Number of protein chains: 2
Amino acid sequence: MSKNYNDIQKLQDKHLEELFKYLRMPSLSSENLGIEEMAKSVKELMEEIGFKVQELRVGESYPYIFGELGSGDVTLLIYNHYDVQPAGDEKLWESKPFEPEVRDGHIYARGVADNKGNLLMRLQAIRYYLENYGDLPIRIIYLVEGEEEIGSPNLDALAKAYGHLWKDADLCIWETGGVNEEGSPHTELGMKGVTYLELHSKLGDHDLHSGEASMFESPVWRLVQALNTLRSPEGKVLIDGIREQIKPPAERELQMIKDQMFDLQETLRSEGRDSFLNNEKDKDNILKFHYFEPTCNICGIWGGFMEPGGIKTIIPMEATAKIDLRLVADLDASQIAGMIRAHLDKRGFTDIEVKELIALPVGKTDVNNRFLERSHMLLEEAYGVKPDVTVTSGGSGPFYYIASQFNIPVFHIGALYPANRSHAPNENIRVKDYQKGLSAMLHIIDGLGDTSA
Amino acid sequence: MSKNYNDIQKLQDKHLEELFKYLRMPSLSSENLGIEEMAKSVKELMEEIGFKVQELRVGESYPYIFGELGSGDVTLLIYNHYDVQPAGDEKLWESKPFEPEVRDGHIYARGVADNKGNLLMRLQAIRYYLENYGDLPIRIIYLVEGEEEIGSPNLDALAKAYGHLWKDADLCIWETGGVNEEGSPHTELGMKGVTYLELHSKLGDHDLHSGEASMFESPVWRLVQALNTLRSPEGKVLIDGIREQIKPPAERELQMIKDQMFDLQETLRSEGRDSFLNNEKDKDNILKFHYFEPTCNICGIWGGFMEPGGIKTIIPMEATAKIDLRLVADLDASQIAGMIRAHLDKRGFTDIEVKELIALPVGKTDVNNRFLERSHMLLEEAYGVKPDVTVTSGGSGPFYYIASQFNIPVFHIGALYPANRSHAPNENIRVKDYQKGLSAMLHIIDGLGDTSA
């Protein structure tokens, strides 16, 4: 614990140049572009550092890079992914998405935040440790996937086939991680589940003249009516059987909400809104709803004539809605489609087709796990302030497959900050957070290996 | 009444060749294509026949061709339009839309049914009468507009400025007209009103991650909820104040429904449906709802991510619906937008923008008018069977501006048949109906001029 990591400052240029090499390589899982090349580069880097690496595949999956290194009483699992989101409209970028650039202390590039920055920073920390202090004091298992941005469709199968390789890990560092607005390290105890569905309504085989609306049903109205039964105007999910499964927060969770920093005005400003749902103004109520209520959201809806200002009088022959439900414990993502089917059937909407596209389970860390407490203490030591602990992320990810199902507690450490613009143009991290993350990571390795703790 | 029109058969080639000339000229009001040329051609033909023609314009309108010819105790107003719908996807046409072709006794071309066929047939009948029998026994006022396919946006203004030119007409022949499936002449006593609106919902200035659905309202849900208050699942319009204004049918109208021929199975087949609204199976109930209930229909709806099978988890920043309300007496089309505004405001949907694109009043013929009875008798004489009289068209048109507001009764006679595919690919009429319409038109002129009747 007495080690001084200040000299990693000298390696800054070398570390960033190495990061840039990976940022320059597009690795788009959605388009299968550069995936195999990126998997190979990650594998080579890990081997060079000293990992014993396996390339795992299940079914038609892209390669998972799985590495093991070191030994000790504690086993740390690290999860990252090497794929990135598409750049989107390049005109909205101030510098080219795959030509990384440092401006005003920020590194701009697609994937730098999500999550090549964290991937490289963590590997560089491990290499630095080995080069400067000899063997690792802990065992590290490193899992890097290439399908996170397309919903980790094969992670369930991977965990079934190869979960024995990591299921005994003592704790896990998640892909994301960094600091909040005040500079405190931010960590989350879970991720919401998500079920993504397409609802499709169709009647007949061609559009009808709208003068016939007095004779024939409209598939658009059927869809609107069916949707309307799924959610209350206050935002509560009304699917039959779901509310009974929603658990009230525990005392400890309510206390975490009270303790959480959350700037209402800054959140409204950054999201371009005037008010929160139901015009709620109380921070604790807002966060309680956010962490403990499932949501049913319409990601998109379409049907019929869609030209602003134009005139066409038809009963469209079909309409579609894409909805996603974000789930909290103990809701089961894989049962949602069936529950909606039964809910709609009971109300006579047997004509509405329900198609499941994604079902990712809720992920949750056991808050009583002793390694979780230790990780939070190490974060506090590394950053000099108490970590900002959030009950759950608003987002979803393969948290359950990697960690929850094996009761591995999860924490976060990394190079991110709130305005990192993941998935958006001008994605970026700050150089200072990258440097801070590197030294914090070294402290974590060191601290977990301290058998006197 | 003893005249024999059989010799018009000899003129068939000449008549069709003349019709083809007009069918070859595209006259698309929606794109202002060929409009002035077509107006000029119609004007020249009418002058050649002997009409005293004026070209009328109001504001930025396309030209209205207004002609007067003949004298007598009876004044007959005829309304047609010289504009046509766009051809749409030409690949769906078996012959080119603006290259008329006769196949198996049908004439195929864009606009042949709607309504250049009726326009030419009527003018040819008038010319034939003059050439074979001398002066007309009645006065004919002929009004041809060029904006019917874009909702007759200037007819209200035209009627206000020039209505004195035709307001004293005794009866009016509407643009459409022809026979039903059994070959009986079909006429209608009115047209529904229509109000066409755009409802727009917007929150913030960018899409949000759907993980924030537990914090922020969705404009798509707002739109879905607002729409859902406008119509019952049974298809009844629920806008505040509207149901009180719906008149029950009169005894005479109920009798007309009972008398009306309407083949349920054939209608389902041609519309590609398995059932009528609310699974109604009784013909009289179906027609009663059709003629006497207003409708609220969604012509189109869109917002957010609209890619079938794709995954994108967002709260879209906006959503839009295009709705049309078909109105029955005594609903006022111009008040509907305001009623919806008040209805939505009362329910807290002040954020939903309501924009009126069209408001066309209900058109209705006074069933007790003696000229109406006479016109139906003449139709029966011309076709040898009782006319098929419908309470109202399911569609809408400038019926009120042309006729109802001046208490001019309306009837229909023409070259159409049910499968004419107006507004669709392969629009067509049958040569035999064109010929029959010509002789029937001659009989009408003759009959209305018979002072002994």
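The values are calculated or read from the model by the stated rules, or taken from the named source; none is laboratory data. Source: prediction; values computed, not measured. FYI the Cβ positions are ideal-geometry reconstructions off the backbone, even for glycines, and counts take in every protein chain you see. Accessible surface areas use protein heavy atoms only, side chains included; no ligands, DNA or RNA. Shrake-Rupley method; radii C 1.70, N 1.55, O 1.52, S 1.80 Å.
Within the range A:195-245, report the GluC sites (Glu not before Pro) that DSSP leaves as loop and that have at most 11 other Cβ atoms within 10 Å.
Taking the range A:195-245 and a limit of 11 other Cβ atoms within 10 Å, the loop GluC sites (Glu not before Pro) found are A:GLU234.
What average number of partner chain Cβ atoms lie no more than 10 Å from the Cβ of the residues making up B:306-318?
6
How far is it, in nm, from the label point at B:ARG57 to the one at B:SER334 when both lie 7 Å from their Cα along the line to the Cβ?
2.5 nm
7 Å along Cα→Cβ for the label point: how many nanometres lie between B:LEU130 and each equivalent label in the other copies, listed shortest first?
Here B:LEU130 shows inter-copy label distances of 10.2 nm.
Please list, or write none, the lysines whose alpha carbon is within less than 25 Å of the alpha carbon of A:LYS202, excluding same-chain residues fewer than 8 places away.
A:LYS312, A:LYS322, A:LYS346, A:LYS355, B:LYS91, B:LYS236, B:LYS281, B:LYS283, B:LYS312, B:LYS322
Tell me the relative contact order for chain A as a rounded percent, counting alpha carbon contacts under 8 Å between residues six or more apart.
The normalised contact order for chain A reaches 26 percent.
Going by amide H atoms built from the backbone, whose H comes under 5 Å of the H on A:MET191, apart from near neighbours?
When sequence neighbours closer than 5 places are left aside, the close amide H contacts are A:GLY363, A:LYS364, A:SER393.
Once the Cα atoms of helix B:283-292 and of chain B are each reduced to a long axis, what angle between those two axes, in degrees from 0 to 90 to the nearest 10, is obtained?
The answer is roughly 80 degrees.
Could you report the range B:290-378's accessible area per residue, 1.4 Å probe, as an integer in Å²?
Result: 38 Å² of accessible area for each residue.
List the relative contact order of the range B:10-149 as a percent without decimals, with contacts defined as Cα pairs under 8 Å and 6+ residues apart.
The normalised contact order for the range B:10-149 reaches 35 percent.
Among rounded, prolate and oblate, which fits the range B:1-103 when a ≥ b ≥ c are the square roots of the eigenvalues of its C-alpha gyration tensor, a/c under 1.5 means rounded, and a/b larger than b/c means prolate?
Here the range B:1-103 falls in the oblate category.
Need the C-alpha centroid separation for the range A:56-125 versus the range B:164-216, integer Å.
Between the Cα centre of the range A:56-125 and that of the range B:164-216, the gap is 54 Å.
Between B:LEU130 and B:GLN255, how many nm apart are label points set 7 Å from Cα along the C-beta direction?
Result for the modelled spin labels: 4.2 nm.
In the range A:278-303, what residues drop by 10 Å² or more of accessible area when the other protein chains are put back, versus the chain on its own? Use 1.4 Å, and skip ligands and nucleic acids.
A:ILE286, A:PHE289, A:HIS290, A:THR295, A:CYS296, A:ASN297, A:ILE298, A:CYS299, A:GLY300, A:ILE301, A:TRP302, A:GLY303
About its Cα centre, how strong a charge dipole does chain A have in debye, to the nearest 20, once Lys and Arg get +1 and Asp and Glu get -1 at the Cβ?
Here chain A has a charge dipole of around 400 debye.
For the modelled label position 7 Å from the Cα of B:GLN12 along Cα-to-Cβ, which residues of the range B:89-118 have backbone nitrogen atoms closer than 13 Å?
Flagged as within label range: B:102-107.
Using protein chains only (no ligands, no nucleic acids) and a 1.4 Å probe, work out which residues of the range A:220-269 have their accessible area cut by at least 20 Å² relative to the chain alone.
A:VAL220, A:TRP221, A:VAL224, A:GLN225, A:LEU227, A:ASN228, A:ARG231, A:PRO233
Going by a ≥ b ≥ c, the root eigenvalues of the Cα gyration tensor, does the range A:231-370 fall in the rounded group (a/c under 1.5), the prolate group (a/b larger than b/c) or the oblate group?
Oblate shape, in that a/c is at least 1.5 and b/c is the bigger or equal ratio.
Just from its helices, what would the mean residue ellipticity at 222 nm be for chain A, if runs of 4 or more DSSP H residues each count -39500 (n - 2.57) and the sum is divided by every residue, rounded to the nearest 500 deg cm²/dmol?
-9500 deg cm²/dmol
Quick one: Karplus J couplings for the range B:298-311, per residue in order, coefficients 6.51, -1.76, 1.60, θ = phi - 60°, nearest Hz, x for Gly and Pro?
9, 6, x, 8, 7, x, x, 8, 10, 9, x, x, x, 10
Before I look further, what does the range B:122-192 give for accessible area per residue, probe 1.4 Å, in whole square angstrom?
In whole numbers, the range B:122-192 has 31 Å² accessible per residue.
What's the carbon and sulfur percent of the range B:52-184's accessible surface, probe 1.4 angstrom, rounded to a whole number?
Carbon and sulfur together cover 43 percent of it.
Between A:LYS355 and A:ASP282, what is the spin-label point distance in nm, taking each point 7 Å from the Cα along the Cα→C-beta axis?
Spacing of the two 7 Å Cα→Cβ label points: 4.4 nm.
Short version: ³J(HN,Hα) in whole Hz for each residue of the range A:339-354, in order, from phi by Karplus 6.51 cos²θ - 1.76 cosθ + 1.60 (θ = phi - 60°), x for Gly and Pro, what are they?
For the range A:339-354, the Karplus curve yields 5, 5, 4, 5, 4, 5, 4, 4, 9, x, 8, 5, 7, 7, 7, 10 Hz.
Express as a percent, rounded to the nearest 5, the fraction of DSSP beta bridges in chain B (both residues included) that run antiparallel.
Just about 75 percent of them are antiparallel.
Just to confirm my numbers, what's the Cα centroid distance between the range A:377-427 and the range A:260-339 in Å?
Each part's Cα centre sits 23 Å from the other's.
Taking the full set of protein chains and a 1.4 angstrom probe, give the accessible area of A:LYS355 in square angstrom, rounded to the nearest 10.
90 Å²
Taking amide hydrogens as modeled 1.01 Å from N in the peptide plane, which residues meet the under 5 Å criterion relative to A:CYS299, leaving out close sequence neighbours?
A:LYS322, A:ILE323, A:ASP324
A:ASP366 accessible area, nearest 10 Å², 1.4 Å probe?
80 Å²
A:LYS247: which aspartates and glutamates have alpha carbons under 18 Å from its alpha carbon, excluding same-chain residues fewer than 8 sequence positions away?
Cα-Cα hits under 18 Å: A:ASP284, A:GLU293, A:ASP330, A:ASP332, A:ASP366.
Counting other Cβ atoms within 10 Å of each Cβ, which GluC sites (Glu not before Pro) in the range A:1-96 have at most 14 and sit in a DSSP loop?
A:GLU60, A:GLU94
Short version: ³J(HN,Hα) in whole Hz for each residue of the range A:260-270, in order, from phi by Karplus 6.51 cos²θ - 1.76 cosθ + 1.60 (θ = phi - 60°), x for Gly and Pro, what are they?
5, 7, 7, 8, 4, 5, 5, 5, 4, 4, 5
Return, for the Cα atoms of the range A:45-149, the radius of gyration and Dmax in Å, separated by a comma.
Calculated on Cα positions, Rg and Dmax stand at 16.2, 51 Å.
Please work out whether chain A counts as rounded, prolate or oblate from its C-alpha gyration tensor, where a ≥ b ≥ c are the square roots of the eigenvalues and a/c under 1.5 means rounded, while otherwise a/b larger than b/c means prolate and anything else oblate?
Because a/c hits 1.5 or more and a/b exceeds b/c, chain A counts as prolate.
At a probe radius of 1.4 Å, figure out the B/A buried accessible area, summed over both chains, and give it in Å² to the nearest 100.
Interface area, both chains combined: 6000 Å², rounded to the nearest 100.
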